[in-house]
1. Which residues, taken from segment 195-223, are more than 25 Å from Leu25 (Cα to Cα) and in contact (Cβ under 8 Å) with a residue 12 or more places away in the chain?
2. On the given criteria, is Arg175 surrounded by fewer than 19 Cβ atoms within 10 Å (Cβ to Cβ) and either of a type outside the set (S, T, N, Q) or over 21 Å from Trp232 (Cβ atoms) (or both)?
3. Check off (1) at pLDDT 95 or above; (2) farther than 23 Å from Arg205 by Cβ; (3) not polar (S, T, N, Q) for Arg61 and give me the number that stays unchecked.
4. Which residue, of Arg219, Arg178, is under 30 Å from Thr259 (Cβ atoms), out of contact with any Phe, Trp or Tyr (no Cβ under 7 Å at 6 or more places or on another chain), at pLDDT 90 or above and not in a loop (DSSP other than H, G, I, E, B)?
5. Do any residues in segment 224-237 that are under 13 Å from Leu173 (Cβ atoms) have Cβ atoms under 6 Å from those of residues that are surrounded by fewer than 16 Cβ atoms within 10 Å (Cβ to Cβ) and not small (Gly, Ala, Ser), where the two are at least six apart or on different chains, and which pairs are they?
6. Residue check: is Leu237 over 24 Å from Lys23 (Cβ atoms), surrounded by 15 or more Cβ atoms within 10 Å (Cβ to Cβ) and in contact with a Ser or Thr (Cβ under 9 Å, 6 or more places away or on another chain)?
7. Which ones in segment 178-214 are of a type in the set (A, V, I, L, M), surrounded by 15 or more Cβ atoms within 10 Å (Cβ to Cβ) and more than 21 Å from Arg39 (Cα to Cα)?
Amino acid sequence: MHDPFGVILPGRTLSPQQRLQAKLLDQLWESELEEFFDRLQLRSGARVLVYNCGLGLDLPRLARRVAPHGEVVGVQPDPFMAHEVKHSLRDLRGMGIRIVLGDHTNDPIPDGLYEVIFVAWRNNEIQPAPVRVRDLIQRLRPWLSPQGRLAVWEDRSCGMQLYPSLPLLERTLRRWQRAQAQSPALSCSLAEEFAYCNIMLESARPLQKAEVPGSPTDRWFDHWLQKHGPDWVEAQLITAKQWARLQQQWDSRRVNPGTLYFSPQAFGVVGKALASYVA
């Protein structure tokens, strides 16, 4: 019998830092994602497709909403990441979660229509963003049931702020963002892309929050800074002395109850399929 949680031998491994990054990012937006999924009004028995499911952290949340007779299909194009998802969800057999290795071109999505197709654009090492948004939506669109919903979640590293501000950090962030040449927010173009693919935009909600030391935003921000600081020194965006000074300033802010950490930006976008769509 086919085991949807069967182990695929990996060709590489995730570092502890990469695993921690994914965990902290998930904790940062956990309550907002739960609310976003609530708005989809999923019912028991529904079928949900999750494209490019990352480490599969969203799959149990959706499976709970369609239990006991529904199905959540997670598509993971990367064989190694598919192994990681299967390994991490081994204890959730029986929840209606199915993991498919590959995408629509080399390993077909299981037949049938889906009430919800969920796509997360996180654009990091674990879950890279697709290159051509319109191409992806067009290819996924035929699997969307009449009046089904396409749900897109996007979170970005830009938008991070600290209050009271640290001028050295702000200057370095601006230099880093220019060096990264980050693309415009996907949410700005989704209305046009949805309309082109015969999907009606229902809602687009921007999200950002400010939290105190010890919060999920603080923990994520701290890990993000410690990860990128050495890279900034290597790229000569900041000197080693400046990085040492910034760390001292950062440590003093972490114990200051008056500090506020403004999270990066996120968007939750929902579109409704138009029944007149012709494949």
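1. Within segment 195-223, Tyr196, Cys197, Asn198, Ile199, Met200, Leu201, Glu202 qualify.
2. Yes: the conditions hold for Arg175.
3. (2)
4. Arg219
5. As it stands, the answer is Leu237/Arg175, since those pairs meet every condition given.
6. Judged against the criteria, Leu237 is a match.
7. Ala185, the sole residue that qualifies.
For every residue, the table says whether it meets (1) closer than 30 Å to Arg254 by Cβ; (2) among the acidic types (Asp, Glu); (3) touching a Phe, Trp or Tyr at 6+ places or on another chain (Cβ under 8 Å).
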site	(1), (2), (3)
Leu150	no, no, yes
Asp155	yes, yes, yes
Leu169	yes, no, yes
Arg174	yes, no, no
Cys188	no, no, no
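The values are calculated or read from the model by the stated rules, or taken from the named source; none is laboratory data. This is a predicted model, so every value here is computed, not measured. Please note: Cβ atoms are built from the backbone with ideal geometry, for glycine as well, and neighbour counts cover all protein chains shown.
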